[in-house]
Every structure is written in structure tokens, then in C-alpha cells.
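Asker: The structure that follows is given in the form of C-alpha cells.
The values are calculated or read from the model by the stated rules, or taken from the named source; none is laboratory data. Quick caveat, the model's predicted, so the values are computed rather than measured. Methodologically, a virtual Cβ is constructed for each residue, glycine included, from the backbone with ideal geometry; neighbour enumeration extends over all protein chains shown. Areas reflect the complete protein model, heavy atoms only, side chains present, ligands, DNA and RNA absent. Shrake-Rupley method; radii C 1.70, N 1.55, O 1.52, S 1.80 Å.
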Protein chains: 2
Amino acid sequence: MQDVARLAGVHPSTASRSLAESPVRISAATVARVRAAARDLGYRPNASAAALRTGSSRLIGVLVHRLTDLALSTMYAGVDAAATAAGYSAVVANGLDDPAVRHERVDALLARGIDGVILADARLDDTVAERLERLGVPYVLAMRTLPGHASVSTNDVEGGRLAARHLLELGHRTAAVAAGDALTSTGRDRTAGFRQAFADAGLPIPDRYVASTGFGVAAGHRAGELICRQGPAPSAVFAVDDLTAVGVIGALRDAGRTVGTDVALVGYNDVELAAELPVPLTSVRSDRDQMGRLAMQLLLDRIAGRPVPSTLLPPLLVPRASTLGASVPGASPPA
Amino acid sequence: MQDVARLAGVHPSTASRSLAESPVRISAATVARVRAAARDLGYRPNASAAALRTGSSRLIGVLVHRLTDLALSTMYAGVDAAATAAGYSAVVANGLDDPAVRHERVDALLARGIDGVILADARLDDTVAERLERLGVPYVLAMRTLPGHASVSTNDVEGGRLAARHLLELGHRTAAVAAGDALTSTGRDRTAGFRQAFADAGLPIPDRYVASTGFGVAAGHRAGELICRQGPAPSAVFAVDDLTAVGVIGALRDAGRTVGTDVALVGYNDVELAAELPVPLTSVRSDRDQMGRLAMQLLLDRIAGRPVPSTLLPPLLVPRASTLGASVPGASPPA
DNA sequence: CGACCCCGATCCACCGCCTCG
DNA sequence: TCGAGGCGGTGGATCGGGGTC
């Protein structure tokens with residue numbers, strides 16, 4: 001800054017003002033001169049100094065349970081894009097769904113002086129959101145919701161219903177659910193919407209067909225195994241997450257059943273690979289890029305002290321061969 | 001700090017030194033008293049102030065092309081674990097394989113005063129690594145290599161050879177390659193190792209069977225389409241990345257061919273979902289968690305001014321049904 | 001012609017921590 | 001163990017010069 005000021009022939013504070021987004025009380029000529037000098041010198045403001053002085057680090061924290069979850073990493077891409085555009089940088093922390101780890105990671109973020117947090121790993125049984133609230137740290141939930149906290153998510157109850165109606169229309173009368181984690185809104189709401197639609201059709205789904213083994217490939221495999229062990233075998237399975245669905249595919253395969261032929265399968269999120277599987281996977285699409293961008297936008301609003309509303313993004317069913325190709329025993333095909 | 005010092009009944013500078021990792025010239029009793037006071041007050045040192053004063057932000061940057069690449073997100077998990085253990089935080093930046101974007105993101109990282117960079121998106125045609133070198137910013141390459149720069153990666157030439165030998169042993173005499181991005185070491189080396197092994201067996205692979213369409217599901221689909229357009233159809237395909245392999249599966253399916261039955265397919269990285277596909281995918285395993293941890297370790301060494309060696313991790317072939325189940329036209333099955 | 005005002009630039013104290021003397 | 005200075009920006013307070021009535 002000293003150097004820039006010297007080169008431009010002005011006082012450092014004048015240089016500082018000239019470099020601000022919208023310089024005030026500085027002549028256009030001076031601004032131009034200073035900016036040219038800054039460019040020539042390759043000047044880069046020291047973020048630590050600015051943060052110390054202003055009290056704002058322009059750093060935000062993003063808490064996820066695992067970044068290897070495809071749905072989360074695509075959501076994060078949206079956060080990153082919006083954050084970068086607003087001059088913020090994002091620090092991601094893996095919470096691993098362990099309460100102790102999550103609080104530790106939040107501690108580390110707070111010590112960094114982050115301006116706000118995007119909580120993408122909210123759980124019904126934990127207190128990270130409450131703690132942020134109590135500490136007065138701006139935060140917004142993404143992907144998962146929690147009553148009383150602002151969030152951006154897909155309308156998961158509706159998404160579950162969409163999956164169910166699709167299967168019902170195809171003539172299915174029994175279905176199982178790989179329900180993810182029962183302590184997350186995503187697992188709970190998608191499952192609830194699905195079961196509700198079946199119940200509304202007079203075909204309630206017994207609890208033993210609902211396997212809450214968690215999210216991810218391995219968890220999906222376990223869910224598939226549990227479901228296969230129940231008799232009689234359902235003609236359809238709803239997995240509340242696409243990678244979980246892939247695990248289900250593996251377990252069904254091991255049990256000698258073929259998805260898309262003798263079992264229908266619906267996933268959730270519509271990640272890119274769903275369409276490329278040997279039997280393309282029917283999935284409920286969520287707009288995760290939008291979710292991430294919106295979450296960042298809301299966080300900026302909260303940081304600015306504006307009140308923020310929760311937002312529900314609409315889900316969209318994308319039918320593919322994993323349901324369209326499956327036969328429905330004991331039912332006539334739809335018109 | 002003032003508060004902590006007051007509560008402990010000492011001078012702020014004494015408190016500061018008591019809170020240091022290994023306090024010097026302070027009595028044990030004082031250290032204990034100060035630390036107790038800090039704990040009671042929930043004292044959190046201001047990272048910006050410390051960074052400004054010491055010149056070290058304890059922040060590192062990680063450059064990836066996309067975090068939605070499963071291989072990279074698992075690698076990042078290793079980086080994150082090692083960084084956290086060492087008291088560092090990682091800022092991830094998506095470079096999107098666009099040179100301009102990458103340099104911009106590096107600019108942003110530098111402005112943050114990051115202590116070092118893990119470059120996981122190195123390309124043969126670009127200059128980010130050179131620039132970091134020139135600027136004197138400590139950095140280490142991960143996943144991809146570049147001649148003359150320290151890196152941690154899988155021995156990709158060997159990995160390609162493993163894939164080829166496996167197919168050769170099964171009796172395949174023709175193969176195509178979904179070769180990823182030709183300007184990355186991962187695409188280039190894996191492909192080179194594979195072709196070399198086929199050439200060594202007297203079965204060189206013509207260029208038209210090598211599709212360098214990039215990484216990822218969509219790129220894999222394009223590669224599969226290109227390969228299908230060539231005649232005669234090869235009995236095996238090697239995709240240099242598992243998600244790319246999934247795209248290949250989709251394209252082959254669209255062309256009426258079935259992986260594991262009439263085409264053998266080998267992927268790379270052995271991501272978790274490979275084993276769960278309807279036809280489990282043979283893949284060359286890379287230890288990406290280890291890769292990330294090691295990269296962080298090497299970066300810390302470089303930050304400390306120690307010279308660092310490049311490291312090659314050994315690949316491991318994991319045979320599954322996508323190759324074991326495929327018939328080999330015109331060849332007798334292996335003994 | 002003098003008093004006043006306003007705009008552009010400058011001065012300086014300070015953010016919180018670290019470390020030398 | 002204490003005291004003080006300074007890391008590098010920031011922004012309120014202040015100053016000065018030129019135009020205006």
C-alpha cells in the first residue's frame with residue numbers, strides 16, 4: 001500500500017480509499033492513478049490486516065458430513081461460485097456426522113474469524129445450529145432443514161410423494177425404502193412423503209420395509225440386504241439418495257434380483273451418473289447448484305443483518321428405465 | 001487476551017507466551033493459571049491478528065479442477081484430515097480446467113496470505129506451478145504430476161500396465177481407451193502404460209481407439225460413442241477414471257453392447273461405487289486418502305524449508321465381473 | 001473584499017497479537 | 001515478567017485551497 005501510494009504520489013489512506021469498491025470523496029483522476037499504480041505493482045491487499053481492522057474476514061465456513069457425497073459436492077460448487085463472486089472464500093469442514101467432531105470443526109472455523117456458516121450437515125439430534133445462534137454467528141442451513149432455522153432445501157416431502165406416485169401409477173402396490181439417516185430431514189422427509197402417498201392410496205408401507213441405514217454406497221448396500229431379508233419381496237424400492245441407490249443395486253444384484261427388470265428402483269438427487277448406469281436410474285432431481293448459490297445469498301443477507309426466509313426448491317421426477325422397464329407382478333400395466 | 005491476562009493476574013504478553021505451544025521463560029504455575037483463565041473465558045485467539053503479526057495464516061489452498069470428481073473429493077478428505085491435525089485449514093478452489101479461472105483463484109488464495117498450495121489440477125499446458133515457484137510460494141502437486149515439480153501421485157504408468165496385463169491375460173487382443181484429458185499426467189500416463197503393455201505383447205493399439213475426451217461421466221459417454229464408431233469393435237475398454245468408465249457404460253449400453261458380457265471394461269481409482277454397479281467394475285485402485293495426507297505432509301515440509309521428494313504410490317488391480325465375466329471373441333479362455 | 005463552504009486529500013489512532021529488549 | 005512497538009490496512013477527524021455570495 002505504501003508503495004502504491006508512493007508511486008501514485010498520494011497518501012496511503014487516499015490509496016486505500018481509491019482501491020475501495022466505490023471510492024468516496026476522491027477525485028476520479030486520483031482513483032485512476034492509484035488503481036494504475038496498484039496494477040503495475042501487482043498490489044494485493046493483505047487480507048489479514050483488513051480483517052483485523054474491519055472485523056470481517058470475508059471467509060465463510062461450510063460444514064458438510066462428507067464432501068465425497070456427490071449431492072453435497074455439487075451443492076458446494078454452487079456455494080463456491082456465489083462466494084467467489086461476492087469476494088468471499090469458503091472453508092469446507094467435514095463433520096463426519098460425529099457431534100464431537102462437528103463442534104471441534106466449528107471451533108476451528110470460529111477461531112478463523114469466519115463471517116458466517118453454511119450448515120449442510122444439520123441433524124435433528126444436535127446442537128451446532130443452536131450454538132451458532134447463541135453465539136450470534138450468522139448461518140444458514142442448506143440441503144437439510146431444522147425447525148426454527150432458516151434453510152435452503154428441496155421440498156423433500158413432495159419429492160418423496162413424486163417418487164411414490166410414479167410407482168403407484170406404474171401399478172406397484174408394495175415398496176420398500178432405503179431411508180437414509182432418520183435423524184436428518186432429508187432422510188425423514190423424503191421417506192415420510194413417500195410413505196404418505198402409499199398410505200393415501202390405501203397401501204401403507206410396514207416399518208420393516210423401511211431401512212434407515214444411513215447415506216452412501218455402503219449404507220445403501222446394507223439397506224438393500226435388510227430389505228431382501230423381508231418377505232414377501234416388494235416390487236419397488238425407493239432410495240432417498242442416488243449413491244444409496246447404487247448400494248441398493250449392488251445388494252439386489254447379490255440377492256439375484258435385477259433392477260429395472262424384476263425390481264423397480266427410484267433414487268433421489270439425479271446425480272450425473274444416474275443416467276449412465278447400465279439400467280438408467282429413475283431419480284427425483286434436486287437443483288443443487290441453485291441450492292448452493294441461494295444458501296450463499298441468504299447467508300450474505302444474514303451477515304448484512306437482513307432477515308432471511310427459508311426456501312424450498314421444487315423437486316422434479318425424472319423417469320428412466322429402472323422403473324419404466326420393471327414388470328409389476330400381479331398388476332396390469334398402466335394405460 | 002487482555003481479559004485472560006487480567007483474570008490470571010498477569011501481563012498480556014505473559015498470557016500470550018503462556019498460550020504458545022511451548023511456553024518459554026514462564027513458570028509452569030503461571031502457564032497453568034493463564035490456560036485455565038483462557039479456558040474459563042472461552043478465549044479464542046484472533047487468527048487475523050496473529051496472521052498479520054507472524055506472517056503466517058495457517059491456511060493452505062487446494063486447487064482442484066472440480067470437487068465433484070469423486071477421486072478428488074476422497075483425496076481432499078485426506079488433505080483435510082492431515083491439515084486439521086496440523087492446525088491448518090484448507091481453502092478449496094475449483095479451477096474448472098480454465099487457465100484464466102485458475103490464475104484468478106490463485107490470486108484470491110495469495111491475497112488471503114495462504115502459507116502454501118496443494119495443486120491437484122496441474123496441466124501440462126499451464127503455468128500455475130511455475131508462477132508459484134517464481135513467487136516463492138510453497139506448493140506440492142497431488143494426483144497429477146509435472147516434470148520438475150514435487151508431487152504425490154499414483155504410479156499411473158504402472159497402473160495402466162496393470163489394467164492391460166489383466167486384459168491380455170484374459171485373452172483380449174484389441175482394446176480401446178477412454179483416455180481422459182491428454183494434457184494431464186493422469187490421462188497421459190495411464191494411457192501410455194496401457195498402450196505400452198499392449199504394444200509389448202505385439203498388439204499395438206491404433207490411435208483411433210484412443211479417445212481423449214476428458215474426465216467425468218459426460219466425457220466418458222462421449223468417449224464411448226467415439227469408440228463405438230470405430231470398427232472393428234474392440235473386445236475391451238480401459239477408462240482412465242471410474243466416473244469416466246460409468247459414462248462409457250452408458251454409451252456402450254446405448255450402442256446395444258453390455259459391459260461384462262460382450263465388452264470388458266476396466267476403470268481407474270476404484271471409487272466406492274465401482275463394486276456396487278450391476279456388473280461390478282474392475283478397477284485400478286489408488287490410495288487417495290494416503291495421497292492427500294502425504295501431500296499435506298510434504299507441503300508442511302516445504303513450508304518449513306525442507307526439500308521434498310516426489311512420491312509415487314503403488315496402484316493395485318481389483319478384478320471384478322466387468323472383465324471376468326466378459327467373453328473374448330476368437331480367443332480361448334485363460335487356463 | 002472578506003466570510004463561508006465544500007470537496008479532495010491527509011493525518012493518525014487503532015484492530016489484537018507477538019516478540020525483542 | 002513487563003513494556004512497547006509494529007505488522008498493514010481502514011476510516012473518522014482534520015486540514016487546506018479554491019470557488020461563491
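Asker: Does residue B:172 satisfy being modelled with pLDDT of 95 or more and either outside any helix (DSSP H, G or I) or within 30 Å of residue A:50 (Cα to Cα) (or both)?
Answerer: Taking the combined requirement at face value, the residue satisfies it.
Asker: Return the only residue of B:79, B:152 being of a type in the set (Val, Ile, Thr) and over 23 Å from residue A:84 (Cα atoms).
Answerer: B:152
Asker: Can you tell me which condition residue A:32 does not meet? The list is (1) in contact (Cβ under 8 Å) with a residue 24 or more places away in the chain; (2) more than 10 Å from every other protein chain (Cβ to nearest Cβ); (3) out of contact with any strand residue (DSSP E or B) (no Cβ under 8 Å at 6 or more places or on another chain), and all the others hold.
Answerer: Here residue A:32 clears every test but (1).
Asker: Just checking: which of the strands (runs of 3 or more DSSP E) contained wholly in the range B:55-119 hold 3 or more residues that are more than 8 Å from chain A (Cβ to nearest Cβ)?
Answerer: B:59-64, B:116-119
Asker: Can residue B:300 be described as within 30 Å of residue B:58 (Cβ to Cβ) and part of a strand (DSSP E or B)?
Answerer: Against the criterion (within 30 Å of residue B:58 (Cβ to Cβ) and part of a strand (DSSP E or B)), residue B:300 does not qualify.
Asker: Quick check: is even one residue across the range B:68-75 surrounded by fewer than 23 Cβ atoms within 10 Å (Cβ to Cβ), closer than 19 Å to residue A:46 by Cβ and not assigned by TED's automatic domain parsing to the domain that holds residue B:187?
Answerer: no
Asker: Can you pull out the residues in the range A:127-160 that are part of a helix (DSSP H, G or I) and surrounded by fewer than 24 Cβ atoms within 10 Å (Cβ to Cβ)?
Answerer: Across the range A:127-160, the qualifying residues are A:128, A:129, A:130, A:131, A:132, A:133, A:134, A:135, A:157, A:158.
Asker: Within the range A:220-238, work out how many residues are out of contact with any helix residue (DSSP H, G or I) (no Cβ under 7 Å at 6 or more places or on another chain) and in contact (Cβ under 8 Å) with a residue 12 or more places away in the chain.
Answerer: 5
Asker: Here are some residues: A:168, A:183. Which one is open to solvent by 40 Å² or more (accessible area, probe 1.4 Å) and within 22 Å of the chain's Cα centre (by Cα)?
Answerer: A:183
Asker: Right, something else. Within the range B:214-269, count every residue that is hydroxyl-bearing (Ser, Thr, Tyr) and within 22 Å of residue B:315 (Cβ to Cβ).
Answerer: Summing the residues that are hydroxyl-bearing (Ser, Thr, Tyr) and within 22 Å of residue B:315 (Cβ to Cβ) in the range B:214-269 gives 2.
Asker: What residue, among those in the range B:12-24 that are open to solvent by 70 Å² or more (accessible area, probe 1.4 Å) and more than 8 Å from DNA strand C (Cβ to nearest atom), is nearest to the other protein chains (Cβ to nearest Cβ)?
Answerer: B:21
Asker: Any residue at all in the range B:76-89 that is within 17 Å of residue B:187 (Cβ to Cβ) and buried (at least 20 other Cβ atoms within 10 Å of the Cβ)?
Answerer: The answer is no; no qualifying residue exists.
Asker: Would you please name the residue that is nearest to DNA strand C (Cβ to nearest atom), looking only at residues in the range A:25-46 that are among the hydrophobic types (A, V, I, L, M, F, W, C) and modelled with pLDDT under 90?
Answerer: Within the range A:25-46, the match that is nearest to DNA strand C (Cβ to nearest atom) is A:26.
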